[in-house]
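Here the structure comes first, spelled out in structure tokens, and everything after it is commentary.
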Amino acid sequence: MDEQIPKNQLNKPNYIKIFSDIIEFKFPQKKNQDFPLLQKDSLSALEVIKMNKMVFDTTENNEDMNQKHRCYDEETIRNILEYQRKNKFNNIQLAKHFKLSRNTVSKWRKIFL
């Protein structure tokens, strides 16, 4: 109990532990595969999505179904908007790239920019 947990990580799931367990129990054949994201202390929302694709080898149909359940924190939203600025994407291009709704991107821009 002496361990101090940072406030920003207090309510976040330990995705590294979750993915490690999934690989160990559901996909033991992938144990020898290198997953550099598992070496980090914590994962951002974008890294969780990336890791999910690497572990589960998602298909287009599967990805469409899972899109409804995505949730982004403020840091990730700011990273996505920064990506838009760096690559000079309009809202439609950014939405297609990250598989988001155009309305979601517009709303984020109004709130965070």
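The values are calculated or read from the model by the stated rules, or taken from the named source; none is laboratory data. Not measured: the values here are computed from a predicted model. Counting neighbours? That spans all protein chains shown, and the Cβs are built from the backbone with ideal geometry, glycine included. Side chains are part of the model used for accessible areas, which takes the heavy atoms of the whole protein and leaves out ligands, DNA and RNA. Shrake-Rupley method; radii C 1.70, N 1.55, O 1.52, S 1.80 Å.
Tabulated data
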item: Pairs, first closer than 10 Å to residue 77 by Cβ in the stretch 96-113, second small (Gly, Ala, Ser) and open to solvent by less than 50 Å² (accessible area, probe 1.4 Å), C-beta under 6 Å, six or more apart; result: 105/95
item: Count of the stretch 1-32 residues which are modelled with pLDDT of 85 or more and open to solvent by less than 100 Å² (accessible area, probe 1.4 Å); result: 14
item: Counted residues, the stretch 39-55 - those being among the charged types (D, E, K, R) and part of a loop (DSSP other than H, G, I, E, B); result: 2
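Let's see how each residue does on (1) loosely packed, with under 15 Cβ neighbours inside 10 Å; (2) at pLDDT below 85; (3) closer than 25 Å to residue 19 by Cα:
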position	(1), (2), (3)
42	yes, no, yes
49	no, yes, yes
58	no, yes, yes
69	yes, yes, yes
80	no, no, yes
86	yes, no, no
92	yes, no, no
95	no, no, no
